[in-house]
Every structure is written in C-alpha cells, then in structure tokens.
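The structure under discussion appears below in the form of structure tokens.
The values are calculated or read from the model by the stated rules, or taken from the named source; none is laboratory data. Keep in mind it's a predicted model, so treat the numbers as computed, not measured. Note that we place each Cβ from the backbone using ideal geometry, even for glycine, and neighbour counts take in every protein chain shown.
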Amino acid sequence: MQSSGAYFLYQADNQALITPELFDPIMKDNAELIESFTYITQNLRNTPQAGIKEITASDIARINSLPADIYGVQPNAFDVLLDDFVDLNWRSNSALSMGEQFYTPRGSQSCGVGDYVVTHANIDPDNHE
C-alpha cells in the first residue's frame, strides 16, 4: 500500500486495546500483501503500567527543559516508516540501522529526539555522557 501512496495505521481512543496479539492473525492472513510492517507503542506517558508521571528532555545544567513523549519501537521502525515522517538530522557512525542501535547496550540507555528538542534544550547528540 505504501508504494501506492497509502499505508495502514490503526489508532483507538484506548490505545491499550491495540496489541500485537490482536493484529498478528490479520497480518498472517494477509502476508502476501504485506511487504514490511512495524509496531509502535502508545505514548508511554499515557500507559498506567509504565508508571511514568513526567518525561522531560533537558540540557546538562537543567536550565532548558521541554516535555517529551516516549514510544517503544521495533528495530525495523525507521526502515519501514514513510520518509515523509522521518527526517534524520544527525546519525552516528554505526553500521547498524537507527532502530537496531536502540537495541545495543548503549542504545538501550538512549533515545531518539526530534530536532526541536535538540535545538531548544541545547542537546549535543555527540555527547554520550
């Protein structure tokens, strides 16, 4: 569908109702039509099971702080998203894809942030400390 200018996106008022188990049978029944797919969690701030009260992105001095949202992604997330939704302004020198980097030891303690956050919170993507 993506090559034809369309893609399938499912959202609900209660995002907790949307689970991979719900869609796996649908994906299996239509496997010949699906070239690639990924799951992206609901905003973890809105997930009671995550126990998150507040999420902010700030500089080291904590002078500049912005509210942030966190979503879980599969390693292939950045490979299958429409290019219209992804504009990478910074990329590490790793041979791994962006999504795969999140699943390395360092990546499990990291996150992807939007250019707006990098600019307004004065964050240096090269600073890993």
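Close Cβ contacts (under 6 Å, 6 or more residues apart or on different chains) running from residues in segment 98-111 that are of a type in the set (Ser, Thr, Tyr) and modelled with pLDDT of 75 or more to residues that are assigned to a helix (DSSP H, G or I) and surrounded by 13 or more Cβ atoms within 10 Å (Cβ to Cβ) are absent. Test ILE70 against the stated conditions and say whether it is modelled with pLDDT of 75 or more, part of a loop (DSSP other than H, G, I, E, B) and of a type in the set (Val, Ile, Thr). Judged against the criteria, ILE70 is a match.
If the condition is being exposed (fewer than 11 other Cβ atoms within 10 Å of the Cβ), part of a loop (DSSP other than H, G, I, E, B) and either touching a residue at least 60 places away in the same chain (Cβ under 8 Å) or at negative phi (or both), then segment 31-59 contributes GLU35, SER36, LYS53, GLU54.
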